[in-house]
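*Asks:* Below is one structure. I have some questions about it.
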Amino acid sequence: MTRTSRRALALAAVALGLAIGACGRKGPPVAPELRVPIAVADLEGVLRDGLVELAWSAPRRRVDNSRIVEPAMTRLYRTEDSGQGEPRPAMLVDDRIAGYKEIASFNVGDPTAPTAERGRFTYVDRNLTLGRRYTYVVTATDLQGRTSAPSRRLTLAIIAVPEAPLNVQAVPGEHEVQLSWQPPPRLTDGGPVETPLIYEVLRATTADGPLGVVARTEPGVTTLIDPRLENDRAYYYAIRSIRQEGAARAQGLTSARVSATPTDVTPPRPATALVALPSERAVRLSWTPSPDPDVIAYVIYRATRSGSFERVGSVLAPATTFIDRDVAAGAYRYAVTAQDSSARANESQQSNEVSVTVP
C-alpha cells in the first residue's frame, strides 16, 4: 500500500467516526430525577359503613413531560393512628413510603386488576376500626424501576354512618320530579344523628339500572326538584345521606328505590274560527287548527239550545273538518277542543261556540 493510499484510508476512517458520533448525538442527557413518573394526582376515597373505597389513575407522563409507553406498577400504602395531631408525613425512602404499610399493588397492564377503565384502579379497604384514622398514599413505578413521588395524602377517620333515609316520595310534574324524604332515625352503631346531614339524590333510568348522583343538598334539606326530564319516561330514585363530623366524612346507607314518570300537563291552545253549515239531518263543521305542534286530534261537542255539551266525535290532526250525521231537526250548539299526544291526552279549552238549526 502506498503512502497516498494509507493517507486516504486514514481520512476515510476519521470521517466515518465523525459521522457515527453525529448520528448518536441526541442533546444533553436527561437528569435521572426527571425520568421518574409524575405523582398520582387523583387519589380519592369514600367511607361506606366500615370500609373505604379508594380510586386513582396511573400516571401517563414523566416529570420531564415525556410519555410513559411501557406499563407501570402502582402501589397503595396505608398508616393508621388515633386521630390526634397531623397524620404521618409520606416520604419516599428506597422506593417505599417510610412508616406506611403497602396494602395493594397493581400492574397497569394486568387484565385481572380491578380497574373501572383503562389505567383506573379501585380498591376496597375492609375490616377497619371505628374511631381510628387511616391515611393513604399511592406511588407509581415504571418498567425500569423508577418510582414516583408519593401522591397527596388521603386521610379518613372511621365514623359510624347513617341508616337509610325514610319515606322517600317522588311526585311527577311536567319535565320534573319533586322528591322528599325523612332523615334516618339513627346511625348504624345505634347512636343518634346529632348534626344535620347532607343528602345525595341518586337516579337510574331502569328499575335495576345503575344509580348515579344527580344532586346534593345543603345540610338538613330533605326536598329537591329534579328538572329538565323527559316526559312520559320512568325514572327511578334513591336517597343517600352523608355525615360530616370535623374532617371525617361518611356515606350512609341507600334508601329503597321509588319511581316517577314526568308527564305533560299543559293543554294545547284551542282551535279557533269554528263555523257550522247545517243541512238536512247533518251539520258540517270546520275550524282553524291549534298552533301547537303536539296536537294529535280534535274532539267535537254538541248541545241542545239549553243543554250540556256531549262528545259526538273526533278527527285526527291535521284534519280540520267534521260532519255530524243523523242529527234530528232542531236547534244546536257546537264547540271543538284540541287534544295533545301526551300520556294524559291533555285537552284544550273549547273553541268559539256556534249555533245552528237543522231543518
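*Asks:* Calculated FRET efficiency, residue 234 and residue 331, Cβ-Cβ r, R0 56 Å, to nearest 0.05?
*Replies:* 0.70
*Asks:* A follow-up question, please. How far is helix 3-23 tilted off the main Cα axis of the chain, in degrees rounded to 10, range 0 to 90?
*Replies:* For 3-23 against the chain, the angle is about 40 degrees.
*Asks:* Figure the gain on full extension for residue 207 and residue 132 (residue separation times 0.36 nm, minus the Cα-Cα span) and round it to one decimal in nm.
*Replies:* 23.2 nm
*Asks:* Neighbouring Cβ atoms within 10 Å as the yardstick, rank 306, 348 fewest first.
*Replies:* 306, 348
*Asks:* Could you give the dipole magnitude of the chain about its Cα centre, charging the beta-carbon of Lys and Arg +1 and that of Asp and Glu -1, in debye to the nearest 20?
*Replies:* Dipole size: approximately 2020 debye.
*Asks:* Here's another thing I want to ask about it. Just to be sure I understand, if you calculate Cα extents along the principal axes in Å for this structure, which of (1) 57, 50, 35; (2) 133, 82, 30; (3) 66, 51, 38 do you get?
*Replies:* (2)
*Asks:* Using mean Cβ contacts within 10 Å as the protection proxy, how do 164-171, 285-292 order, highest first?
*Replies:* Highest to lowest by the protection proxy: 285-292, 164-171.
*Asks:* Residue farthest toward the positive end of the dipole of the chain, with Cβ of Lys/Arg at +1 and Asp/Glu at -1: which of 105, 332, 180?
*Replies:* Of the candidates, 105 comes out farthest on the positive side.
*Asks:* Could you give the length gained by full extension between residue 273 and residue 315, i.e. 0.36 nm per residue of separation minus their alpha carbon distance, to one decimal place?
*Replies:* Details: separation 42, 0.36 × 42 = 15.12 nm, distance 1.69 nm.
The span from residue 273 to residue 315 would gain 13.4 nm if fully extended.
*Asks:* Cα gyration tensor of the stretch 32-157, axes a ≥ b ≥ c as square roots of the eigenvalues: rounded (a/c below 1.5), prolate (a/b > b/c) or oblate?
*Replies:* Oblate.
Every number here is computed from the coordinates shown, using simple stated rules; none is lab data. As the structure is a computational prediction, the values presented were derived from the model and not from experiment. Neighbour counts run over all protein chains shown; Cβ positions are idealised from the backbone, glycine included.
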